[in-house]
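Here's the structure we're looking at; comments come further down.
The values are calculated or read from the model by the stated rules, or taken from the named source; none is laboratory data. The structure displayed is predicted, hence computed values, not measured ones. Note that each Cβ is placed from the backbone with ideal geometry, even for glycine, and that neighbours are counted across all protein chains shown. The accessibility values were calculated without ligands, DNA or RNA, using every heavy atom of the protein model including side chains. Shrake-Rupley method; radii C 1.70, N 1.55, O 1.52, S 1.80 Å.
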Amino acid sequence: MKNIAFTTVAILSTLALFSGCGKKTETQAETESSLPVTIEKKLAPETHTWYAFTQQGMEAVDLPQNAPSQLFRPWTEAIRISSTGSSVKPVEGKPGSMQEALVPPAYATVNRLGMLVFDGAEPKLIKDPAVFSNSSAGNLVFFGDTPIFSMYKNIFFNKNDASSSEPFLVKYDRASGMCIPIVSYQNLMLDKNAQITDFTWNGVEWVCAVKTQGEERVIFDYIKWTPSGDISELAPAKNNNLIAISEAEEDDFRSTKLPVDFSLSPERLRNLLQVIPDDFGYHIVCYHTSGFSPVTYAHGATDDGFGGTALLGDTYSMAIFQDGTTYLSGALFGKHIIGREKAVAFRLPKLPEGYVYSDFALSGTNLYVAWEEADFYRTGRSGFLAVDLEKVLFKN
């Protein structure tokens, strides 16, 4: 196993690297509004609703800046949407409800609070203090159509508050509405001061970066592991003989995380964003519905950190940049094809200075986009924007 020691300076550098998207540079602020769109007019008020998170849950607000004030906290400790995922398989709505048709659901992990469930109806926040209150949640992926996410405790901000019996992977069980641990740190032979900061899963193998807090330094190790059988059926108490663990090299992990040149991205993504000028630099994190870990693609020079998120579904392709510029082509659930020759492009409502859009999820014709008040590696207010694409794109 390869060990790499990090000093405090290196820790702060890493924080800057991973939180750079939260702070706009002058160049970024000047260029982000120049992304081309096909629908120039602003979204009408009746097409969208703002939601903000509180310490107790969430509430509708008129504007993000009018949400209840929140102390700025490191992003690992703040209440915020930390990851999202959209499913392929529809689920049946409740009889007699406004949404009885089969609708593919979507999900979002809300750090320190619980799981957001989107299924074409009102967003539902499933609070689970036992799982979420003491650790950071994120990295939502799927096994089949079962959402699975990871838990991570930043020892730097939570000294003397760790245990190897704590969960690493948790599944959301839609039938019961519960978040259920499936793999613990102990199952992976890690001690109480070790935390998995990030991972990549390709559907077969998990490659993880493990950070261990020592007395004077931080050490990174790397492991690979594979479960035998259906990972969603694992449980910490019975995993000892069901997980094969091996050492990994740093390059095994880094090779899965380094940005790939945009020319090598899926053809559907290239077609979706073909209207963006060749000399415009950005990075785009590409997810698939009911998919595994995403891949980041770099288009031109990306020094200013401007970027966005893309989602490739079975019948549609969508991308949203952090300034709210949105591209869509294909057929949303139950709708005809749009953007056949060129993507439909519009802008979400402009956020105040210091706020950014981040991850998004799609359920039927309902779009949910995370927003947050960002200051370097810290987050203040946060929430999400719910957009009714039926009214935006199909009303006429």
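A few remarks follow.
- Residues of the stretch 379-396 classified as under 18 Å from the mean Cα position of the chain (by Cα) and at pLDDT below 95, total: 0
- For the stretch 80-93, the count of residues that are within 30 Å of D252 (Cα to Cα), of a type in the set (S, T, N, Q) and modelled with pLDDT under 85 is zero.
- Taking every residue in the stretch 190-207 that is in contact (Cβ under 8 Å) with a residue 60 or more places away in the chain and pairing it with any residue that is among the aromatic types (F, W, Y), at least 6 positions away or on another chain, the pairs with Cβ-Cβ distances below 6 Å are F199/W206; W201/F292; N202/F292; G203/F292.
- Across the stretch 31-79, the qualifying residues are those that are under 17 Å from G383 (Cα atoms), of a type in the set (D, E, K, R) and open to solvent by 70 Å² or more (accessible area, probe 1.4 Å), and the one among them that is farthest from the chain's Cα centre (by Cα) is D62.
- Qualifying residue in the stretch 331-340 (condition: within 23 Å of G281 (Cβ to Cβ) and either open to solvent by 10 Å² or more (accessible area, probe 1.4 Å) or free of Cβ contacts under 8 Å to residues at least 24 places away in the same chain (or both)): no
- As for the stretch 357-364, it holds at least one residue that is out of contact with any Gly (no Cβ under 6 Å at 6 or more places or on another chain), at pLDDT 95 or above, acidic (D, E) and crowded, with 19+ Cβ neighbours inside 10 Å.
- Among the residues listed as T14, T7, the single one being open to solvent by 30 Å² or more (accessible area, probe 1.4 Å), at pLDDT below 90 and within 22 Å of the chain's Cα centre (by Cα): T14
- Just one of the numbered conditions (1) part of a helix (DSSP H, G or I); (2) modelled with pLDDT under 95; (3) more than 25 Å from V285 (Cα to Cα) is not true of Q65: (2).
- Taking strands (runs of 3 or more DSSP E) as the structural unit, those lying wholly within the stretch 319-396 and holding at least 2 residues that are within 22 Å of V117 (Cα to Cα) correspond to 355-363, 366-375, 378-388.
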